[in-house]
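Taking it in order: structure first as structure tokens, then the write-up.
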Amino acid sequence: MSTSSPEIPKNFDPNEVEDRLYRQWESNGYFHARTDTGSRPFCIVIPPPNVTGVLHIGHALDHGLQDVLARFKRMQGYATLWLPGMDHAGIATQNVVERELRSQGLSRHDLGREKFVERVWEWKHLYGNRIGQQMRRLGASCDWSRERFTMDEGLSRAVRKVFVDLYDEGLIYRGNRIINWCPRCETALSDIEVDHSEHEGRLDRFRYELEDGSSSVTVATTRLETMLGDTAIAVHPADERYAAIVGKWVVHPFSGRRLQIIADDAVDPEFGTGAVKITPAHDLNDFEMAERHGLEKVNILDTKAQVNSEGGSFEGMDRYVAREAIAGKLTELGLYENRSPHSYAIGRCSRCHTIVEPWLSDQWFVKMQPLAEPAIAAVQEHRTRFHPARWTNYYVNWLQSIRDWCISRQLWWGHRIPVWYCDNGHTFACMEDPTACPECATEKIVQDADVLDTWFSSQLWPFSTLGWPEQTEDLKTFYPTSVLVTGYEIIHLWVARMMMSGLRFMDDVPFEWVYVHGIVRDAEGRKMSKSIGNVIDPLELVDQYGADALRFTLIEHATGQDVFLSTEWVSGSRNFVNKMWNAARFALTQGGRAQVGPLPPRDRMELSDRWILSRLARAVTEVTERLDSFEVSVAARAVYEFIWSEFCDWYIEAVKLRLSSDDTQAAEDARSVLVHVLDQAMRLAHPVMPFVTEEIWRMLPIEREEPTIMLSAWPVPEPEWSDTPAEEDFVRIQQAVSALRSFRSEYGIDPKIRLRPLVTSADSDVLEAVSRDAGLICRLAGLDELRAVPSLEGDAGARLLTGGIELLVPLEGLIDLGAERERLAKLVDKANIEIRKIEKKLDNPGFIGKAPQEVVAEQRRRLGEERSKVDKLQVQLEVLNSLPGPGEGPA
RNA sequence: GGGCGUAUAGCUCAGGGGGAGAGCGCUUCCUUGACACGGAAGAGGUCCGAGGUUCAAAUCCUCGUACGCCCACCA
């Protein structure tokens, strides 16, 4: 047997291993999902990252979780598909390419629509696959042969069909309404593309004079410039202050327009002056009021939020320049009254953070309520379930208060709206590009210039990626998908919409489960952002610690709460990876490379073998159950506990003795158990740490049914592995060893001094078991010998009590008697506290009567144990007290 | 204005109706043949507060406090 094996390095080197293994996995087609095996399907579609994006730490968590589930189910024999892909990300991508153009002094208008879109495609082909390459570095087991992009031909067909169907049904309509307008991107935005934040602004007050000159009315506004588009003044119907002037008219000081004073319940008499200026083209409330009262809607801003010709002398000014100019002009006219600080929420474009303007324009909308109702019902009927369940309410509440969705965008990059207008005023939507109007046959037709909101295509992702509207094998096999894994921030943006479209077009929910995870933040709990400069690059962590270490760290902390990532954790995980590596190195260098046979029969097994197999059975059950219920962090910890605290700390130490035994059968049996457990442990750890487990697994001297651990069978415990008596016996050994080590440490006894304690137990079976494994205790606790005796006579030794056994360590002048007395007295105190606690419980008749019998029995057992501990300790104290003082200790 | 989450060891966090846990940090010891990215032994918690349910509450319920997050068209 070789004593060292130079070809296995002491430290695991992830950089050497990861790339090599991943390429093998990919080129051997291990990620490829088959539809012809008859196995049960398991499918996850990736939340498609933006094509402009680079992998950030949030992706690492999201993808890590998906990969854990995919690898787990694949090993369990499911036909597993993890489908990757990317989103064309309309505004974001267009912005990136426009920025690039600008650096060359060009705008998209210089190129024209067609050339610009070509340019974006070029960009996509050049840079669009960065995330795919980065995902490979993390070990993502995606089926790259099925990679999809929302602008692919097939997915575009799906988008078109959905639009046309909804249009024909009347669920898509065109309307002149208030939408959120980004003056920088020059496009409409949906409500959820607007981020709201508190803004320290001001409230301006000014006066409108009544037409008849009799009096005036003062209004308050945070957006003074909108007064250019005022078409009425509103007050509350019950407001006494204004009752006399309701129905009268004021005159606009700049345009001369007449504005009527109207009464409407929507006015809050408590706010400002109780009189509101009404600007229907620039405020949603005002718009609705205008609809009720038939008011004129005057749009005063252009697409860049500059004042248009409706603004008279203010034309051409930016909205904020106009605000000050108007304040000045009103002051000149003596109409301006005052201003006060006022904080309120403003909306910003979620892409470029420009303040959005509520703006009246012609846009396309989807009527949401008829789609939302089935989506609510599906979740209430548990056809789709959320984990954790609390997100159910969030989802339902959002859908219940949903408003129509503005889907048109004034962009060039995206799915063009498949609607045409003819010269004779007809409008139609169709699947194939038309050459003439279907109603009047004129060939003078023009397509709508706008494109669709990016989310219009992403909402179809669970079925468009599987081939819909074609009835493909993939679609039949994998829809509905099994789990959608995502952060909670896009439940409303994306999950709800997929539910609605899936139910409408596939007549079934898109996924059985929605597994919602938290956001990765920095160690202080702040969101990572480029402006704070606290962004952690996952690939730097991979370079430094390895992909397995990063994955383990993120999975271990994926408890449903946000993850406050500290890089120190990653180095801890790296240590764990290395620990596994060295456990394997031990098995191979100390055990040899010859193939092991099957597990030895139980009667040839030692206690430690039966113990580790029993613990393995528990670990397998625990990890499997936890993964099945999405408690991935608990599963990861269970793997960690088993491998480090049980297999490495105890089993490897226990087996060393036998591995080098002269008894070749015993040595071979030990090696067999060692390698088998290692094999199973690697499989358990593989979903979380794919690289190191594969590398180790391939080195193991075992018979393999598959060339890769990826496709090896997920562990299922053999019934005979479970062995409670072995666990109980082994716990006693652990306790004895710990007690002896603790004793030695407490007294600072040199590790080189070999102790020779005596051991006994009131239970003869226990004593027999202990003496059978005395050799193991000696090795682990550094003893010369451990002699089993029927009872411990009152010797001048230190008495250690653990579980069911008693140890007596002869003092032999090693320790201070006074110190030993103190130690024992402390133990007595501690035991007495426990005794009182347990007695109190047992004295309670309610406890005896109502608590389960096992619980009562357990308390009685513990009481007995503590009492006998006190008895024995007191006997020992008396012995010590009867001895001569320090310096006169026994020879 | 609504809704949600979290309060457990110095720090970061798991767990969870019946003996308080991990990692990191700290103290002491150990270069013992897998591993110093390691081993051993320790110190360190009225499990936020107050009520309630229960034989039993750190755990379940209610209220409160603190912090955090999300949603929202108050001019």
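Just one of the numbered conditions (1) surrounded by fewer than 23 Cβ atoms within 10 Å (Cβ to Cβ); (2) over 25 Å from A:Thr693 (Cα atoms); (3) in contact with an Asp or Glu (Cβ under 8 Å, 6 or more places away or on another chain) is not true of A:Ser103: (3). Of the residues screened, A:Ser633 is not one that is free of Cβ contacts under 8 Å to residues at least 12 places away in the same chain and within 11 Å of RNA strand B (Cβ to nearest atom).
Quick check: is even one residue across segment A:530-537 surrounded by fewer than 24 Cβ atoms within 10 Å (Cβ to Cβ), part of a helix (DSSP H, G or I) and touching a residue at least 12 places away in the same chain (Cβ under 8 Å)? No; the residues of segment A:530-537 include none that is surrounded by fewer than 24 Cβ atoms within 10 Å (Cβ to Cβ), part of a helix (DSSP H, G or I) and touching a residue at least 12 places away in the same chain (Cβ under 8 Å). Tell me, yes or no, whether segment A:36-49 has at least one residue that is more than 21 Å from the chain's Cα centre (by Cα), closer than 30 Å to A:Pro690 by Cα and charged (D, E, K, R). For segment A:36-49, residues more than 21 Å from the chain's Cα centre (by Cα), closer than 30 Å to A:Pro690 by Cα and charged (D, E, K, R): present. Just to be sure, is A:Val655 out of contact with any Cys (no Cβ under 9 Å at 6 or more places or on another chain), touching a residue at least 24 places away in the same chain (Cβ under 8 Å), under 24 Å from A:Ile8 (Cα atoms) and not in a helix (DSSP H, G or I)? Taking the combined requirement at face value, the residue does not satisfy it. Of all residues in segment A:589-621, those that are within 16 Å of RNA strand B (Cβ to nearest atom), out of contact with any helix residue (DSSP H, G or I) (no Cβ under 6 Å at 6 or more places or on another chain) and closer than 16 Å to A:Leu659 by Cβ total 3. If you go through segment A:538-590 and pick out every residue that is in a helix (DSSP H, G or I) and in contact (Cβ under 8 Å) with a residue 24 or more places away in the chain, you end up with 36.
Scanning segment A:386-416 for residues that are outside any helix (DSSP H, G or I), aromatic (Phe, Trp, Tyr) and either under 20 Å from A:Trp513 (Cα atoms) or within 16 Å of RNA strand B (Cβ to nearest atom) (or both) turns up A:Phe386, A:Trp405. Where strands (runs of 3 or more DSSP E) sit wholly within segment A:425-519, those with at least 1 residues that are in contact with a His (Cβ under 8 Å, 6 or more places away or on another chain) and buried (at least 24 other Cβ atoms within 10 Å of the Cβ) occupy A:481-487, A:511-517. Taking each residue of segment A:234-253 that is within 20 Å of A:Glu296 (Cβ to Cβ) and looking for partners that are among the acidic types (Asp, Glu) and within 16 Å of RNA strand B (Cβ to nearest atom) with beta-carbon atoms closer than 7 Å, six or more apart or interchain, yields A:Ala234/A:Asp264; A:His252/A:Asp230.
Taking A:Leu101, is it under 30 Å from A:Cys349 (Cβ atoms) and part of a loop (DSSP other than H, G, I, E, B)? So A:Leu101 fails the test. Suppose we keep only residues that are within 20 Å of A:Pro388 (Cα to Cα) and crowded, with 23+ Cβ neighbours inside 10 Å within segment A:543-561. Which one would you say is modelled with the lowest pLDDT? That would be A:Ala558. Do we have A:Pro9 as touching a residue at least 60 places away in the same chain (Cβ under 8 Å), closer than 30 Å to A:Gln544 by Cα and not hydroxyl-bearing (Ser, Thr, Tyr) here? No; evaluated as a whole, the condition is false for this residue. Residues that are in a strand (DSSP E or B) and touching a Ser or Thr at 6+ places or on another chain (Cβ under 7 Å) within segment A:208-238 comprise A:Tyr208, A:Glu209, A:Leu210, A:Thr218, A:Val219, A:Ala220, listed in sequence order.
Checking each residue of segment A:181-196 against the condition of being within 22 Å of A:Asp264 (Cβ to Cβ), surrounded by 18 or more Cβ atoms within 10 Å (Cβ to Cβ), among the hydroxyl-bearing types (Ser, Thr, Tyr) and touching a residue at least 60 places away in the same chain (Cβ under 8 Å) gives no match.
The listed residues are A:Arg177, A:Arg241, and the only one of them that is farther than 30 Å from A:Val51 by Cβ and in a helix (DSSP H, G or I) turns out to be A:Arg241.
When the criteria are applied in full, A:Glu270 meets the requirement of being of a type in the set (D, E, K, R), farther than 25 Å from A:Tyr320 by Cβ and modelled with pLDDT under 85. Within segment A:471-496, residues that are in contact (Cβ under 8 Å) with a residue 12 or more places away in the chain and more than 16 Å from RNA strand B (Cβ to nearest atom) have Cβ atoms under 6 Å from residues that are among the aliphatic types (A, V, I, L, M) and in a helix (DSSP H, G or I) in these pairs: A:Val485/A:Leu65, counting only partners at least 6 apart in sequence or on another chain. The single condition from (1) within 14 Å of RNA strand B (Cβ to nearest atom); (2) farther than 18 Å from A:Ser340 by Cα; (3) surrounded by 14 or more Cβ atoms within 10 Å (Cβ to Cβ) that A:Leu224 fails is (2). Scanning segment A:104-126 for residues that are part of a helix (DSSP H, G or I) and either without any contact (Cβ under 8 Å) to a residue 12 or more places away in the chain or among the polar types (S, T, N, Q) (or both) yields A:His109, A:Asp110, A:Leu111, A:Glu114, A:Lys115, A:Glu118, A:Trp121, A:Glu122, A:His125, A:Leu126. I'd like to check something: does segment A:206-213 contain any residue that is farther than 30 Å from A:His492 by Cα, at pLDDT 90 or above and crowded, with 21+ Cβ neighbours inside 10 Å? Within segment A:206-213, one or more residues are farther than 30 Å from A:His492 by Cα, at pLDDT 90 or above and crowded, with 21+ Cβ neighbours inside 10 Å. Taken together, the residues in segment A:361-385 that are of a type in the set (A, V, I, L, M, F, W, C), over 25 Å from A:Val485 (Cβ atoms) and in a helix (DSSP H, G or I) amount to 0.
The values are calculated or read from the model by the stated rules, or taken from the named source; none is laboratory data. Because the structure is a prediction, the values reported are computed rather than measured. Cβ: placed from backbone, ideal geometry, glycine included. Neighbour counts: every protein chain shown.
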